[in-house]
Structures are given as C-alpha cells and as structure tokens.
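A.B. asks: One structure is given below, represented as structure tokens, and several questions about it will come after.
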Amino acid sequence: MTPFRPPAEPLLGVQLLAAPAAHDYEYWRSRLVNPGLLGGAVAVALYRLPLLAVPVGTDRRGGLMDMADPVFAEALADALRGRPGYDQVTTSGQVVTWGEPMPEGLAPDARRRFQGLWEEPRNGPCIRPPAGHGGRDEGTRSWPPLPGSPPERQPAPPRAVVAAGAAHA
C-alpha cells in the first residue's frame, strides 16, 4: 500500500489584488486626508492576508510596508515598480518603501502628515493599525505604546478582570 501524500502546496508569494479586498481598507479610508488615493491603491496578499499599499500623491509623500521576509519585500518591490504613485520603490531588509524617504526624528503628528493621514480618524473610534504598516499608530491612546514610552503614554489599567469562563454568565 502506498502512503498518502498530500499534493504539494504552491509556493506562497506576493499577489496584488483590488484595493477593497485589503483587510485594512477601512482603516486607510478613515485616516487618509485624500481618500481619492485609494483609487490607485492595491491590496498586497501575503500568506492570504491582503494589506493595502497606498500610493503617494497630493498630501501623501511616502509609504511603506513590512513584508516579514526580504524575499517577499523584493517580490513586492518588483510588483510595485512602474505603477503610478509608487515612485522610488526601495527595499531595506523586509521593508518596502516608496515615495520620498521619511526624514529622521519627525514627531508623531509630522509622521502622520508625511503619510497623508489625519490626526484622528474621521469616521468614529480608532481602528487598530495593521501590523504590516509598522504595527502601531503613534499618538493613539488606544494602542499600547512602545517599551520605554513616557508614563503619560501608558495605557490605562483594566477596570475589571474577568475569568475567561465567566464572560458569558
């Protein structure tokens, strides 16, 4: 008897999809100063989780995406090169950047303005930023700060601790 061997899975790679297919589409739509940039955006699927790559233009001077591995970063850079709004595509390790390089030492508000983002979302409460875009949105109180952040930036302690099984009671 021949042992069962599952079919070999195709190699996972970078796939570009329509922008609304991105998991974080609503995050970007609520944050961009110029939501018209979403027309040129693409969803970048890696490991079946598409994240949005937003082009530069008008109020947005630069963008970046962390691809978890330099091989995937190179694949994304190759896919973005030549597309409108993705000028000066470069990779540094696992991070892909496009547009102008972000100046060092910018304050959180200046970083958001550089990326064409509002200070706070226009449509309701803060949506947690996706990991592929740096994993945090500095200046937002609902997201845990980086280690070593000043005490005024620390999250508030929980109001009550509930055992996992007691939540439904």
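A.B. asks: With a cap of 10 neighbouring Cβ atoms within 10 Å, and only residues DSSP puts in a loop, list the chymotrypsin sites (Phe, Trp or Tyr not before Pro) found in the range 17-91.
C.D. replies: Passing sites in the range 17-91 are Tyr47.
A.B. asks: Karplus couplings for the range 65-70 from phi (6.51 cos²θ - 1.76 cosθ + 1.60, θ = phi - 60°), rounded to Hz, Gly and Pro as x?
C.D. replies: With coefficients 6.51, -1.76 and 1.60, one gets 8, 8, 9, 6, 7, x Hz.
A.B. asks: Starting from the residue with the highest accessible area, list Val42, Val71, Val95 in decreasing order, probe 1.4 Å.
C.D. replies: The ranking, largest first, comes out as Val71, Val95, Val42.
A.B. asks: Could you work out how far apart the two model spin labels at Asn34 and Arg81 are, taking each label as a point 7 Å from the Cα in the direction of the beta carbon, and quote it in nm?
C.D. replies: According to this spin-label approximation, the distance is 2.6 nm.
A.B. asks: Now for a different question. Using a Förster radius of 22 Å, what is the FRET efficiency between Arg61 and Val95 based on their Cβ-Cβ separation? Nearest 0.05, please.
C.D. replies: Calculated transfer efficiency: 0.85.
A.B. asks: Averaged over every viewing direction, what's the projected area of the C-alpha convex hull for the range 64-112? Give it in nm², one decimal, please.
C.D. replies: With every direction weighted equally, the projected area is 3.7 nm².
A.B. asks: Probe radius 1.4 Å, ligands and nucleic acids left out: which of Met102, Met67 has the largest accessible area, and how do the rest follow?
C.D. replies: From most accessible down to least: Met102, Met67.
A.B. asks: So, R0 is 22 Å and r is the distance between the beta-carbons of Leu17 and Asp109; what FRET efficiency does that work out to, to 0.05?
C.D. replies: E between Leu17 and Asp109, to the nearest 0.05, is 0.10.
A.B. asks: log₁₀ I(q)/I(0) of the range 32-85 at q = 0.20, 0.28 Å⁻¹, via Debye over equal Cα point scatterers, no solvent, to two decimals?
C.D. replies: Reported log10 I(q)/I(0), two decimals: -0.74, -1.23.
A.B. asks: With a 1.4 Å probe and all protein chains kept in place, how much accessible area does Glu74 have, in Å² rounded to the nearest 10?
C.D. replies: Approximately 80 Å² of Glu74 is accessible to the 1.4 Å probe.
A.B. asks: Can you run phi through the Karplus equation (6.51, -1.76, 1.60; θ = phi - 60°) for the range 100-108 and list ³J(HN,Hα) in whole Hz, with x for Gly and Pro?
C.D. replies: Coupling constants for the range 100-108: 5, x, 6, x, 5, x, 6, 5, x Hz.
The values are calculated or read from the model by the stated rules, or taken from the named source; none is laboratory data. It should be emphasised that the depicted structure is a prediction, and the values quoted were computed from it without experimental measurement. Here the Cβ is made from the backbone with ideal geometry for all residues, glycine too, and neighbour counts use every protein chain on show. Surface accessibility is based on the protein's heavy atoms, side chains included, excluding ligands, DNA and RNA. Shrake-Rupley method; radii C 1.70, N 1.55, O 1.52, S 1.80 Å.
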